[in-house]
């Protein structure tokens, strides 16, 4: 194989510009009508051209579940792997070939149940992956069992009397795993999702995005209480780095610190109070953790974005150092420390 | 050693010898054994070694649980095994004596560290009475030496702490053994100077201990006479000593260098395979990427990803780890990507015997996956052979676009032998097949010779495609649930693996092509089987042997060979796994010779197995 570059190279600005349709494959999309996945697929296809990365340098890796069919619908390289293991396959792809832009498409069961171990380790290593977790709080492809994000007491096919397992908060898991980029968005708010995915794509290192996604068949209305269009503005807060935490249709509510917790304050939008919290993506992870756990408003946007070297850079750095210190000499290592000659 | 000494004490020429060093895990037994091995290799003997260490890193001092051993057979003729029974046991404490004495040849020498035979150590070792006094060792020649006291005397004035002094007693014992077998000290002296070059005090201490032990053996006339093992007739060339795990790691580096494919190792630490990870992580200057994954599944997952991305990808483990990788191996079968999966077998099931050897993962390699999931399986026969089998596994994986299993075992991994170093330039080059122009290419279009699909890694413009674990449509590789397509694909994947039979050289037969008994072995039992068959042939028995390196597919000439013998005996360190395969495939009443003790075969056990079979036949 020819020498590959250590970095993703983008297309020359002067050349032909890719469009969303260039990223659509010839395969029929087979999600249920009305599935939130359609919107996410369309948004990703819309975000990719702007990144300038050639199609052939783009790889989508997935595990198992409804969301994991995603790669088949992208006209890029793609790998539909096995349940929970997408981060491992993607780690191999990215570290073997730093010139590729690698996305991981996963769901709440795939990433947090069977693949929980791989997710946390990919994040702690800061593998340069764009990890999109489609969270619909249910197992869809196996037809309706509770997932690790299902709310406590939820009645499903496998929990007719209600679940007795406390759910995980995906953002909290990512933060605890030292993820360098952690964000949240909603499948029905496309402009905001576009912004968040664009930032994730440009982040160097692991970018983890939880996307609230609706399952029309097995968990319809999964996020309606906060994400439905009529309540979204009042029930969610869009974070912006360096900006006060304000929400509400009329921008008349904000967050203020109260002891170790937050409180919502209402005010006249013309004169917001001075002591509202100001979002800082680089603040200690404990702040993002607290925001992630807040009941209402549910925060959206980039909770945390810090810079640290991704795994492939560190790996290549060691290889370059080893090469500069010692030229590879196959005969020498075959000989080992000591040889003797039989005449 | 002075000339006067060699003259004053008689020297006896012997053909071969087996010695075993044994002591606490912290006694430096493996180091002592490796030093004796290097010196013996330089002396021109053929040799074979076997370390035997406990699973616990530091089991309670003085107990039999913590005993570590190192055995070497060396000879003026060909050596195929580390030897059945030691002629000499060097035991650093009562526990080492207790754990090993039953293996020592009757009439053999027990060299015992007398200092340690106090009540406390005897109790820890489980001796009710002191074996030095109760006559229980009367079958052997017991030589007791106050190793601790003599080492302290030799090191007096160096200003070492008692612990530092204590650590030198293994070299005192080594010096004695060098005298007993007429070995020069210079190789070990050179090693000491290099090893402790930053600490001249330790150089001096170890030198003194080695010399003092050597002189003591001579002047105290403990042994009466000493032995000489002359040079063995060895094929001319440059040699090194090599363990199976070292040879394995080098095979991967060589395969990467000669294919131009960067090497990716995804691995998770596991005994006895970890040394391959350690060794490969030293060779980053060859562009080798070693990834210590969070678990066994991630290890192979990363390898599959790296393979998809165009690297020569491997994963190294042992039985329990392989069990965890099964689903991912199936993914590599389905996506038809090259991945070499190394299983350094150990005693099972479950955690089993982590540091002991066994061959009980053959059926796991052949069949241990869901669905019809054929994987080529290779097995190395000796420590040095691991290099060549690794190379072959890599070549086949790339040529046939398939995962390939390579089986070694704890005995091969840790055992060592002199190895004729190959010339790097003489190794056959290999690489991926050329990719057809886009118009003629489809993700699952096959080369008719190999039935392999083309390896198209991301980055190739116009070839963008998707693969995965769902059944593939023939040629296009698109998802397909079509019943006829599924059957066709299952048969195609099997046919592709069977095509590898065309790569297998004619099977070598040790002995005549026809006769009474044919032994069929595989893996690390090669040495013991070969030595036994050579002995039996000398004794006039009509016995031949073949040793399989290809377990799937089997050599195409094997059926023919089997039919030339009245009886087929299959010695294995399991309950009869190859036996099952041979009986099923060739419909022959083959017989097993099985041992499941976590220990390799002794030559005598195989000889006895053949003799019994011949006796029954009469």
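The values are calculated or read from the model by the stated rules, or taken from the named source; none is laboratory data. All values reported here derive from a predicted model rather than from experimental measurement. We place every Cβ from the backbone using ideal geometry, glycine too, and count neighbours over all the protein chains shown.
Of all the criteria given as (1) more than 24 Å from residue A:283 (Cα to Cα); (2) assigned to a loop (DSSP other than H, G, I, E, B), the one not satisfied by residue A:242 is (1). Of all the criteria given as (1) closer than 30 Å to residue B:105 by Cα; (2) buried (at least 21 other Cβ atoms within 10 Å of the Cβ); (3) more than 22 Å from the chain's Cα centre (by Cα), the one not satisfied by residue B:535 is (2).
Counted as qualifying within the range A:250-343 are the helices (runs of 4 or more DSSP H) with 3 or more residues that are closer than 23 Å to residue A:235 by Cα, namely A:285-292.
Residues of the range B:207-242 that are within 30 Å of residue B:383 (Cα to Cα) and part of a helix (DSSP H, G or I): B:210 alone.
Answer yes or no: is there a residue in the range A:45-63 that is touching a helix residue (DSSP H, G or I) at 6+ places or on another chain (Cβ under 9 Å), free of Cβ contacts under 8 Å to residues at least 24 places away in the same chain and more than 17 Å from residue A:107 (Cβ to Cβ).
no
The residues of the range B:62-103 that are out of contact with any helix residue (DSSP H, G or I) (no Cβ under 9 Å at 6 or more places or on another chain) and part of a helix (DSSP H, G or I), listed by number, are B:100, B:101, B:102, B:103. Looking across the range B:4-16, the residues that are modelled with pLDDT under 50 and either in a strand (DSSP E or B) or within 19 Å of residue B:230 (Cβ to Cβ) (or both) come down to B:6, B:7.
Of the set (1) in contact with a helix residue (DSSP H, G or I) (Cβ under 7 Å, 6 or more places away or on another chain); (2) more than 21 Å from residue A:127 (Cα to Cα); (3) more than 10 Å from chain A (Cβ to nearest Cβ), all apply to residue B:240 but (3). If you take the residues in the range B:39-61 that are surrounded by 21 or more Cβ atoms within 10 Å (Cβ to Cβ) and in contact with a helix residue (DSSP H, G or I) (Cβ under 6 Å, 6 or more places away or on another chain), which one is farthest from residue B:236 (Cα to Cα)? Among them, the one singled out is B:51.
Looking for something out of contact with any helix residue (DSSP H, G or I) (no Cβ under 7 Å at 6 or more places or on another chain) and buried (at least 24 other Cβ atoms within 10 Å of the Cβ) - is there at least one such residue anywhere in the range A:110-123? Among the residues of the range A:110-123, not one is out of contact with any helix residue (DSSP H, G or I) (no Cβ under 7 Å at 6 or more places or on another chain) and buried (at least 24 other Cβ atoms within 10 Å of the Cβ), which makes the answer no. Scanning the range A:192-225 for residues that are without any contact (Cβ under 8 Å) to a residue 24 or more places away in the chain and not in a helix (DSSP H, G or I) gives A:220, A:221.
Take the residues of the range B:271-286 that are assigned to a helix (DSSP H, G or I) and more than 15 Å from residue B:342 (Cα to Cα): which is farthest from the other protein chains (Cβ to nearest Cβ)? Among those residues, the one meeting the criterion is B:281.
Residue by residue, here is whether (1) at pLDDT 95 or above; (2) touching a helix residue (DSSP H, G or I) at 6+ places or on another chain (Cβ under 6 Å); (3) under 28 Å from residue B:391 (Cα atoms) holds:
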position	(1), (2), (3)
B:197	no, no, no
B:209	yes, yes, no
B:223	no, yes, no
B:234	no, no, yes
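Looking across the range B:175-200 at every residue that is buried (at least 18 other Cβ atoms within 10 Å of the Cβ) and in contact with a strand residue (DSSP E or B) (Cβ under 8 Å, 6 or more places away or on another chain), the one that is farthest from residue B:144 (Cα to Cα) is identified as B:181. Selection over the range A:300-333 of residues that are in contact with a strand residue (DSSP E or B) (Cβ under 8 Å, 6 or more places away or on another chain) and within 11 Å of another protein chain (Cβ to nearest Cβ) gives a count of 2.
Residue B:245 satisfies every condition listed in (1) out of contact with any helix residue (DSSP H, G or I) (no Cβ under 6 Å at 6 or more places or on another chain); (2) farther than 24 Å from residue B:10 by Cα except (1).
Applying the criterion of being more than 21 Å from the chain's Cα centre (by Cα) and part of a helix (DSSP H, G or I) to the residues of the range B:243-270, the residue that is nearest to the other protein chains (Cβ to nearest Cβ) is B:257.
For the range A:75-98, a residue qualifies if it is more than 7 Å from chain B (Cβ to nearest Cβ) and over 14 Å from the mean Cα position of the chain (by Cα), and the qualifying residues are A:83, A:84, A:94, A:98. Within the option set B:122, B:137, B:132, being modelled with pLDDT of 95 or more and assigned to a helix (DSSP H, G or I) holds for one residue only, B:122. Within the range B:407-422, not a single residue is farther than 28 Å from residue B:322 by Cα, surrounded by fewer than 24 Cβ atoms within 10 Å (Cβ to Cβ) and free of Cβ contacts under 8 Å to residues at least 24 places away in the same chain. Selection of the range B:230-244 for residues being exposed (fewer than 14 other Cβ atoms within 10 Å of the Cβ) and in contact with a strand residue (DSSP E or B) (Cβ under 6 Å, 6 or more places away or on another chain) yields only B:236. Scanning the range B:433-486 for residues that are away from chain A (no Cβ under 12 Å) and either touching a strand residue (DSSP E or B) at 6+ places or on another chain (Cβ under 7 Å) or surrounded by fewer than 19 Cβ atoms within 10 Å (Cβ to Cβ) (or both) yields a total of 24. Select, from A:331, A:282, the only residue that is surrounded by fewer than 16 Cβ atoms within 10 Å (Cβ to Cβ) and closer than 30 Å to residue B:253 by Cα. Within the list A:331, A:282, the selection yields A:331.
In the range B:577-597, what residues are part of a loop (DSSP other than H, G, I, E, B), more than 24 Å from residue B:540 (Cβ to Cβ) and either modelled with pLDDT under 95 or touching a helix residue (DSSP H, G or I) at 6+ places or on another chain (Cβ under 8 Å) (or both)? Steps first, please.
From the range B:577-597, those part of a loop (DSSP other than H, G, I, E, B) are B:587-590, B:595-597; that's our starting set.
Next, from what is left, pick out any that are more than 24 Å from residue B:540 (Cβ to Cβ): B:587-589, B:595-597.
Across the range B:577-597, the qualifying residues are B:588, B:589, B:595.
The set of residues in the range B:510-538 that are in a strand (DSSP E or B) and farther than 23 Å from residue B:384 by Cα comprises B:515, B:516, B:517, B:518.
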